[in-house]
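Structure first, then comments.
Bear in mind that the values in this text are calculations on the coordinates, not laboratory data. As the structure is a computational prediction, the values presented were derived from the model and not from experiment. In this analysis, Cβ positions are derived from the backbone assuming ideal geometry, glycine residues included, and neighbour counts consider all displayed protein chains.
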Amino acid sequence: MNTPLIILSYLILAPVTGGLLTGLDRIITARMQSRIGPPILQPFYDVGKLFSKENLVVRKAQNLFIIFHLLFLILTGALFFCGGDLLLVVFAFALAGVFFILGGYRTSSPFAYVGAERELIQMMAYEPMLIITAIGMYMTTHSFNVLDIMSSGKPLLLQLPGVFIGFLFILPIKMRKSPFDLSMSHHAHQELVKGITTEFSGPTLALIEIAHWFELILILGIILLFFPNNIWLGLAVECAVFFLVVLTDNTFARLRWQTLLKAAWIATFVCGMGNILVLSFLK
Amino acid sequence: MLSEITFLIVFPALVAIAIYLCPKDTLRHWLVIIAAAVIGVVSVACAVGVFKNNSFYFPAQTIWADKLIFALEALLSLYLIREGIKHKRPLVVGLVLVQIITMTFLEFFSGHPIEVQNNLFIDKFSAIMALIIGIIGTLICVFSIGYMKDFQHHHADQPDRRPLFFFLLFAFLSGMFGIVFANNLVWLFFFWEVTTACSFLLIGYTKDPEATRNAFRALEVNLIGGLGFVIALCILTYCIGTIEMDKLFAISKIAALVPVALMSIAGLTKAAQLPFCDWLLGAMVAPTPVSALLHSSTMVKAGVYLVLRFSSILQSTSVGLVIALIGATTFLITSLIAITENNAKRVLAYSTIANLGLVILCAGIGTQQAVWAGILLIIFHAVAKGLLFLCVGTVEHRKHSREIEMMEGLITSMPTIATFMLIGMAGMFLAPFGMLISKWAVLKALVDVCPLLAVLVAFGGAANLFFWVKWMGKLLLAVNPPTGEEKDVSREEFFSLGALAVLTIVVCALFPWISTYYIEPYLYVFYGHMINISGGNITIMFIMLGLILLFPLMSINYDRNTKRVAPYLSGINTDTPGTFKDSLGNSRPYAMRNYMMEEFFAEKKLYPWGIGISLLLLIILVVLLFI
């Protein structure tokens, strides 16, 4: 397949799948709470409605940051699915995240400020694990290229079990799920106003939602990287992981940032670095 | 080429003397500006000169040059000894005495005088360093004109010693040019000591007790490093029989390793690595241009330059690995400590130490890719850090505080300076800017050699991300309406800041070119094969850079279809910014403060660890030398 075609299909499929998954998430969550839940297309209805709303801002420039957040997320995803350099993907991903955080700061509202700071802490918590994942992939396949990793055909999960577990650990952070949904949550019951998104409204909030769909697909893509030998197995594991994350989301309360940082770094250190250590000894 | 090189070493020294003798402020300022322009142009000419040929070596054999250098060195030592006695610093006196006695012995009584073929040289690495010194260093000098006027205004009670200040700045530049162009290691050592002495005087410029104490600390640490250098020179003279840098690469690696390791220790002290980093933090008491100079284009860069020079000898030796470990430890620990700092200059200082740690790490690993990354790090760091220090200095004079918390809303009160600062910070850690390109290269270089070190870099990188973004956020956050505080920033200051900001971006855009025509040919000499950086990734970097540059363009007119409202405060908004009415109808203030994470990364907790680990590594290093 040629690159423009991949990018085009990515641009269409990623938000659609991401939106559907979010809808599915809401149904599963509802069932776990003995509710029926919304239709699966509800996220799309929500976004559509948001676009028809008035765009209220506290500071003029704040929305621009969100546009760039979305832009760079799309770029990151495109880079990943076109088989680009995994380290570069991680860095571009961080850039997109930084735009979101700076947007939160720019709103100059105390609640958004707390949200932005927490988002930043989360980022510091998961960033090393993402890089270690890339390093682990390199050590097993001798390439940072997503395309090379996928075409290596090796059962990477068997060589990188620690990295995989470490990655699963930071997954709730990126998916904004309990117990690590410190900066903003989809559940009203444990939210401090609306975290980092407090002062974003209307179309801009819709963009944040869409950006999250892209983000979700990218993370699921990285999980798939652990299964170059068998994509179907990968997809099956992905479904299981998705269910697991939704389950934890509904069974755990939010943790304090101190616990988050400690837990994430310890997990990264023990599982991720341990795995790397073993690999470099075996080499 | 010889004339250009000699010019770059001698001219700043002559200018320094002229400035010192110059009676009038205006005349002196023009002298600084003209000299800066001349030095800048000549350093560019040097870089152009080596474009086609890889390197030039010059005998520059004159008896008087050797004698002059020795005489100046003796004078310098006498001066330092006098200062040491005056301030009752036996350590300083002792170290200087040992050095000068050894050097005298080497010069006159070493028995068999060593024939030096080439005293000076220039290659592509030297040319890059010369560009950094000649452009960034002189921009800082130009900036100092406006800054020191303010500084004198703020410290009206003290005598005006600005002639001395500018004298030292230019003498410093002269010393730095000497370091990068010297092939004779005895000459290099002389210039090395010149920078040590200049930094000592610049740090102690204000003459208050704290400044004097910190200046002496800097002097002591650097003299200890200098001692390593002197021992290396002795070994070179008596055991190896050459004091020329290029000959060192020709002899066997094992023979060269001991002197190289000793010189690397000298490099570690100058590059302010753990456990020696204390002096650079103390250097903060000096006027800000001094910090900018020490951190970006001179002093610390001399340290990493020397270690990076010898990295092909350090490659895959246990000595190299220990040096790399010292660098990695420094990077990780100082990055974490920077999170807990609120003093802007200290954050910058810790970040400098951290990034130099990364360069040292690269030098210790010493593979082609690592050295490539290390040179890029030096370039990008020099530009961005120079810019950041000068910005902080400018803000400090207007806000009368160095605290990051006081910089809240800078984007509205001093929009231009804040934008420059944001560019500088983005340049320090964000894709697709310079430092990140190099960090990426560092990671790639490490995974092949020592993946574990790459993991340490990953953790340190995350800490970097945290403290930079939280600072950027602080600048963007605006509660109070604009005040317009940057009107009185002088033209010279704006010029330097603007030039550095543009350079930060331009260097990113030019980096593939710099790499192809300067860094890779330089590395080819030592490693014999070309490095290959994937063209596709560079294209992607450019796409990202282009996108980011859209940001300021779009922000010019971005308030269509939006309605401005007051932030939600869980109460009634009032007309005064920064307050709200609570449920009892009382007006209450609100404020936003950063997380400092004292409980995790407090300096008090981590610093001793850093010192402990690095001391241990240093002891291992010394033990390795004896075996």
By count of other Cβ within 10 Å, fewest leading, how are A:279, A:147, B:503 ordered? A:147, A:279, B:503
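Taking beta carbons within 10 Å but only from partner chains, what does the mean come to for residues A:118-129?
Numbers: counts 1, 1, 8, 4, 0, 4, 12, 2, 1, 8, 9, 2.
Per residue, the average neighbour count from other chains is 4.
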Dipole check, the protein assembly as shown, charges on Cβ (K,R +1; D,E -1), about Cα centroid: among B:261, B:589, B:352 the Cα furthest to the positive pole belongs to B:589
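Taking Cα pairs under 8 Å and at least six residues apart, what relative contact order does the stretch B:523-627 come out at, in percent? Walk me through the numbers before you get to the answer.
Values: 33 pairs, mean separation 8.8, N = 105.
Computed value for the stretch B:523-627: 8 percent relative contact order.
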Expressed as a whole number, the average count of other chain Cβ atoms within 10 Å around the Cβ atoms of B:511-517 is 0
C-alpha long axis of helix A:86-106 to longest principal axis of chain A, angle in °: 20
Using Cα atoms only, what is the angle between the long axis of helix B:603-626 and the major principal axis of chain B, expressed in degrees (0 to 90) to the nearest 10? 20
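Normalised by the number of residues in the stretch A:3-282, what is the relative contact order in percent for Cα pairs under 8 Å and 6+ residues apart?
Here the relative contact order equals 27 percent.
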Candidates per trypsin sites (Lys or Arg not before Pro) in the stretch B:39-128, loop by DSSP, up to 16 other Cβ within 10 Å: B:52, B:88
Restricting the stretch B:61-167 to chymotrypsin sites (Phe, Trp or Tyr not before Pro) in coil, as DSSP defines it, with at most 13 other Cβ within 10 Å: B:109
Net charge (Lys, Arg +1; Asp, Glu -1) of residues whose beta-carbon lies under 9 Å from that of residue B:162, residue B:162 excluded, is +1
Under a 5 Å amide H to amide H cut-off, with H placed in plane at 1.01 Å, what residues pair with residue A:57 once short-range neighbours are removed? B:563, B:564, B:565
In whole angstrom, the spacing between the Cα centers of the stretch B:227-265 and the stretch B:349-388 equals 24
Using only the Cα atoms of the stretch B:1-158, build the gyration tensor, take square roots of its eigenvalues as a ≥ b ≥ c, and label the shape rounded, prolate or oblate: rounded if a/c is under 1.5, else prolate if a/b is larger than b/c, else oblate. oblate
Along the dipole axis of chain B (charges at Cβ: +1 for Lys and Arg, -1 for Asp and Glu; origin at the Cα centre), the most positive-end residue among B:382, B:31, B:462 is B:462
Computed magnitude of the charge dipole of the protein assembly as shown (debye, nearest 20; Cβ of K, R +1, Cβ of D, E -1): 920
Whole Å is fine, so just give me how far the alpha carbon centre of the stretch B:600-627 lies from that of the stretch A:206-283. 35
How much mean residue ellipticity at 222 nm does chain B get from its helices, if each DSSP H run of length 4 or more adds -39500 (n - 2.57) and you divide by all residues, to the nearest 500 deg cm²/dmol? -23500 deg cm²/dmol
Counted neighbours (other Cβ, 10 Å), sorted fewest up, put B:448, A:85, B:575, B:208 in the order B:575, B:208, B:448, A:85
At a threshold of 8 angstrom on Cα-Cα distance, excluding pairs fewer than six apart, so keeping six or more, what relative contact order does chain B reach in percent? 14
Any idea what angle helix B:138-154 forms with the longest principal axis of chain B, computed on alpha-carbon atoms, 0 to 90 degrees, nearest 10? 60
Binning every alpha carbon pair distance of chain B at 20 Å from zero, what are the percents per bin? 20, 55, 22, 3, 0
Hey, how many Å between the Cα centroid of the stretch A:106-185 and the Cα centroid of the stretch B:459-495? 29
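At a 10 Å Cβ-Cβ cut-off, how would you order B:622, B:186, fewest neighbours first?
B:622, B:186
Take every residue in peptide B:439-447, count the Cβ atoms of other chains within 10 Å of its Cβ, and give the average of those counts. Please list the in-between numbers first.
Values: counts 3, 6, 1, 0, 8, 5, 0, 1, 11.
Going residue by residue through B:439-447 and averaging, the value is 4.
Å³ per residue of the Cα convex hull, for the protein assembly as shown? Before the final figure, lay out the partial values.
Values: hull volume 151.1 nm³, N = 910.
Here the figure is 166 Å³ per residue.
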State the answer as a single residue: which of B:339, B:64, B:171 lies farthest towards the positive end of the charge dipole of chain B, with beta carbon charges of +1 for Lys and Arg and -1 for Asp and Glu, about the Cα centre. B:339
Based on Cβ point charges of +1 for Lys and Arg and -1 for Asp and Glu, what charge dipole magnitude is obtained for the stretch A:3-282 about its Cα centre, in debye rounded to the nearest 20? 460
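Roughly how big is chain B's charge dipole about its Cα centre, with Cβ charges of +1 (Lys, Arg) and -1 (Asp, Glu), in debye to the nearest 20?
Details: 40 positive and 36 negative charges, 111 e Å.
Magnitude of the dipole: close to 540 debye.
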